[in-house]
Amino acid sequence: DKLSLRDIADQVDPRVQSVMIERFGHRRFMSEAGARMVDEQLVNGRPVKLWRLRVQDRESIAWVELVNATPEPDGRFARHWLRVPPSMRSARQALAWTFGLNARSYKPTVET
């Protein structure tokens, strides 16, 4: 409850910053910080979004947003935000990167 955008922006350790954003709430953080969706694609019929936040005097921050293919026990589909390198240019490229692949090589046939 006491976290602020300034607290998050001032954090230099990306891992700590990611935990702070998670606690602050990804959607709230993206909205209040002015992050922009730079790409959206369907991958295996599910929307995947690439978000970018320009940070003054620092490297941009990028996330890929996706919805889990497997429902939770309560029936909802969990949404995940994964930090990716700011060099990512497409949602597919960013998602592939999380698996150690390039966009062309990423061709999932089964989701678990």
Please turn the phi angles of the stretch 99-107 into ³J(HN,Hα) values with the Karplus equation 6.51 cos²θ - 1.76 cosθ + 1.60 (θ = phi - 60°), one per residue in order, whole Hz, x for glycine and proline.
-> 9, x, 10, 8, 4, 5, 7, 7, 9
Counting Lys and Arg as +1 and Asp and Glu as -1, each charge on the Cβ, what is the dipole of the chain about the Cα centre in debye, to the nearest 20?
-> 320
How big is the shadow of the Cα convex hull of the chain, averaged over all directions, in nm²?
-> 7.9
In vacuo Debye scattering of the stretch 2-49, one point per C-alpha: log10 I(q)/I(0) at q = 0.17, 0.18, 0.24, 0.33 Å⁻¹?
-> -0.59, -0.64, -0.87, -1.19
Keeping the other protein chains in place, figure out the carbon and sulfur percent of the accessible area of the chain, with a 1.4 Å probe.
-> 48
Karplus (6.51, -1.76, 1.60) ³J(HN,Hα), θ = phi - 60°, over the stretch 4-10, in Hz, Gly and Pro reported as x | 10, 4, 4, 4, 5, 5, 7
Per-residue HN-Hα couplings for the stretch 68-74, Karplus 6.51 cos²θ - 1.76 cosθ + 1.60 at θ = phi - 60°, whole Hz, x for Gly and Pro?
-> 4, 6, 9, x, 6, x, 7
Listed by chain and number, the residues whose amide H is under 5 Å from that of residue 38, excluding neighbours fewer than 5 places away on the same chain and using placed H, are 50, 51, 52
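The values are calculated or read from the model by the stated rules, or taken from the named source; none is laboratory data. Here the structure is a predicted model, which is why all the values come from computation and not from measurement. Note that we place each Cβ from the backbone using ideal geometry, even for glycine, and neighbour counts take in every protein chain shown. Note: accessible area is taken over every heavy atom of the protein model, side chains too, but ligands, DNA and RNA are not part of it. Shrake-Rupley method; radii C 1.70, N 1.55, O 1.52, S 1.80 Å.
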